[in-house]
Structures are given as structure tokens and as C-alpha cells.
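Some notes on the structure that comes next.
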Amino acid sequence: MQLIDGFSKLSRAEKLEWLKQQAGLSDSTMKILEDHLHRDRDTQVIYGDLSENTISNFYLPLGLAPNFLINGKLMTLPMVTEESSVVAAASKSAKFWAAHGGFHAGVKGHSKAGQVHFTWSGERDELYRIFERNRERMVQSVRSLTRRMEQRGGGIRSMEIRSTDPGLPGTYNLFVDFNTADAMGANFINSVLEALALQLSQIMTGSGSDGELDVLMSILSNYTPDSIVQCYVEGEVKIFEEMGGGFGPLQFTQRFRKAVDIANHDPYRAVTHNKGIFNGMDAVIMATGNDFRAVEACGHAYASREGSYRSLSSVEWSEEAFRLTLESPLAVGTVGGLTGSHPLAAASLEILGKPSAEELMQVVAAAGLATHFSAVRALITSGIQKGHMKMHLGNILRQLQASKREAEITRHYFSSRVVSYSEVASYLESLRKQNQEE
């Protein structure tokens, strides 16, 4: 390939022609790129404008997980994921817990933070004194930006200057606490922070101090430890009579608790343990047009808040009762951003009954707890691969270009056997050889 200038200014057709020549794309690949455009031109314009240099659409399935009883309300959850076992696991768990009280969720706080990072060459105490004298002036200076958010119940909650770290002398940040109501609020927060940074610079310059303030950057933080959602399921131990693996309910719940305990002490296990939670959370986050990358980064930071990486879930257990709890920071929105511009994000929110941001937090947590319960259940009984590979069989058959009849025969053959790519490939080869001989 060669370097190219002005690529973004090319039309889509010109981009494709350049790509075809540079990458040597086949006609079949070019057709795939064309076939994945939306048939409605106006809708395709929406999708194209979501990113840069768009040449096609990358599809992921939008699936449904029914039977979620959340705080007494029966719901169907939209889930976007390429892994069929995630939706199946969520659905299975939801149906089980719906018969035993459902998911109980609540939100502990809504605060989101932003920071203006800067250096100050003067005395620390002088910086603090000047800021305190001008705090209200700074708040008033951004009122034009915060007024609409304040009308919706949000806005700036607090503001203070913090030393960044003892290892970075002279480095500080203006730490601003926000409530963004039903919006995720990233653009709102960043706009306010940049305006505050300018105001702070002007105040310090005009203060008569000998110190100099240099703003390095103004940016929201995706770490939201004061915007926490908690979700739990609970029941008598006897409800786990049919959990499989040949274990009685008491032994099953003991093994479940031990599995969670291991994730609290072993980071190698904890990462995969928490990934099972994010399988469900991410799927709903993506379906509703929220930022799964921010949610995961925040969750992993929270899991490490005590100095080592731990489980986001916990178990309370006795010989009579069992409770599984998930607690995680979470920042989501139901207005603005992609939630307001992506047609399927809007459809997903409608499926959920057009929830508030707080209600969506609870739904996301329930989805994460559901996939988590199913994953740990499988691990401590039959093993994770049996169910996972059964669901994955369809993908393997497509990769091996199995015909409809071949797929039907192969599914029947593996209904009571362990599925792996090599075993399926070998069986298909023998099946095709047998058909040729006949």
C-alpha cells in the first residue's frame, strides 16, 4: 500500500476503488461491502455519519432475552452480541430467577466526574485561596452551558482543586462533580470543563500572583465510583435442586460461593469471572447505543480499587439461604448521543419501555448478573465448553460451508457428543466422502 493524502475527502466510491487497487480485493469482497449497505438511502446516511471514512456496515445480531423480572416488572431485554451463548445464558438465568423472586436492583448515586489538569508554579496555598475566592464566579461563568441540564435536574454538584500526586509536584486538577440526569453527558461535561479551564486561567493571570498556571487538558473521567448500581438475586438453598452436575442444592451453593471466593483472590480467574458479567452488560449497553468501552474500563478500575483485581460479585450463604450480588459503577444515558441518532438504539429503548438512565442502569446490571450466574453455574457443574460449543456449532457449520442437509445430520450426530471444530470438520469430511461413494 501507499500513503495517501486527503482520503477523507474522497467519495465512498473513490475510497472503494482505491482500496480495491491497494489491497487487491476480490469482486466477491467488493460485493459483500456493497450488500451490507442499508437498502434505505436516508438510513444509510445516518449510519455513514456515525463514523469516518465509512464504506459499509458491520452487522451484529440484535437478539432478545425474555422473562427478566426486575424489581417486580417483567421485561424483555434487547442484546447485541456475536456470541449466541450469551443471549441463551441470560434467557435461561432470567427464567429461573423469575420463578424465585427475580432480580432486585437499585442505584447508589449518579455522580460523574471531570477534571481540568494543570500545572501551577506558585505556592500551593495561594492557588487554593484564589480559587476559593472565585469558585462561585467560575460556576456562574458556565451557566449558559449548564442551564438546560439544570432544568432537567442536573448540572455541577461540586468543584474543588486537588493535588494530582505527590510524585508530580506542581501538578493539580480542578475536580468537578456532575449530575447529567438521563444523558450520559460526555460532550456536556467536556464543554463545561474547557470553559472552566479558560476561566481559571484568566482568574489566575489576573490575580497578581507570581505563579503561572498552564492548563494541560480538560476531560471527563470514565471512572464513576459515585454512580453505582447494585443488583442481587436470592432464594432458599432448596431451589437449586435441579442445577445439574450430580450436586445437591447445598453442595451446589457451596461450590458457587467457592468459585466467587477464588475470583476475589486470584486475578487470573477474576478477569474472566468479570468478563462473564460484562458479557451481559455489554450486550444491553451496545443495544441501547451506550459506550461499552467506557463501562468496561470503569468496571475494571472499580474491581481494582483495593489494590488488587477482584470479583465484582459476592455471595452471602448459609445452609438455608443464598444471595448473589453484583455491584459496579455504571454511567449510561437514554437521551442524546448515539441513543438519539441510531435507529436500533431507539428501538431497543422502546423495547425496554423507554427507561430513565437510572432504570437502564438497573436493567444492565440484571443482564450482567444473569449471564454471570449462568456462567458460574456451568463452570462448577458440566463445564463451560459443553453448552458453549453446542451454541457455536452453527458458526462452525457455516465456516465449513455445510449444506442444509449436512448441517441437519451433523447437529443430530453431535446432540450427545462434545463439539469442537476439528471433530465437526472430521465428521463432515467423512459424511461427504460417504455420500460420494454412494
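Nothing in this text is a laboratory measurement; each read-out follows from the coordinates by a stated rule. In this text the structure is predicted, and so the values were computed from the model without any measurement. Reconstructed Cβ throughout: ideal geometry from the backbone, glycine too, with neighbour counts over all protein chains shown.
Note on residue 198 and residue 12: the model spin-label points, each 7 Å out from Cα along the C-beta direction, lie 3.7 nm apart.
With the charge dipole of the chain set up from +1 on Lys and Arg Cβ and -1 on Asp and Glu Cβ about the Cα centre, the Cα lying farthest toward the positive end among the listed residues 48, 231, 197 is that of 231. Each residue of the range 233-247 was assigned a 3J(HN,Hα) from its phi angle through the Karplus curve 6.51 cos²θ - 1.76 cosθ + 1.60 (θ = phi - 60°); the sequence is 10, 8, x, 5, 4, 5, 5, 9, 4, 10, 7, x, x, x, 9 Hz, with glycine and proline shown as x. Stokes-Einstein diffusion of the chain at 20 °C, 1.002 mPa s viscosity, Kirkwood radius from Cα pairs, rounded to a whole number: 85 µm²/s. Under 5 Å between amide hydrogens, built in the peptide plane, is the criterion, and for residue 68 it picks out 75, 77 among residues at least 5 positions away or on other chains.
Phi-derived couplings, Karplus 6.51 cos²θ - 1.76 cosθ + 1.60 at θ = phi - 60°, listed residue by residue for the range 280-287: x, 4, 4, 4, 6, 4, 5, 4 Hz, with x used for Gly and Pro.
Summing Cβ point charges (Lys, Arg +1; Asp, Glu -1) relative to the Cα centre of the range 388-437 gives a dipole of roughly 140 debye. Between residue 160 and residue 34, the modelled labels are 6.2 nm apart [label points 7 Å from Cα along Cα→Cβ].
Sorting 355-368, 36-49 by their mean Cβ neighbour count within 10 Å, with the most densely packed peptide first, gives 355-368, 36-49.
Within a straight-line Cα-Cα reach of under 20 Å, residue 238 can be paired with the following aspartates and glutamates, leaving aside sequence neighbours fewer than 8 residues apart in one chain: 316, 319, 320.
The charge dipole of the chain, taken about its Cα centre with unit charges on the Cβ atoms of Lys, Arg (+1), Asp and Glu (-1) only, comes to about 880 debye.
Using the Cβ-Cβ distance between residue 356 and residue 275 with R0 = 30 Å, the FRET efficiency computed as 1/(1 + (r/R0)^6) comes to roughly 0.60.
Placing +1 on each Lys and Arg Cβ and -1 on each Asp and Glu Cβ, with no other charges, gives the range 1-137 a dipole about its Cα centre of roughly 680 debye. In loop segments of the range 199-256 as defined by DSSP, the GluC sites (Glu not before Pro) with at most 10 further C-beta atoms inside 10 Å of their C-beta are 241, 242.
With the simple model of a label 7 Å out from the Cα in the direction of the Cβ, residue 53 to residue 413 spans 4.4 nm.
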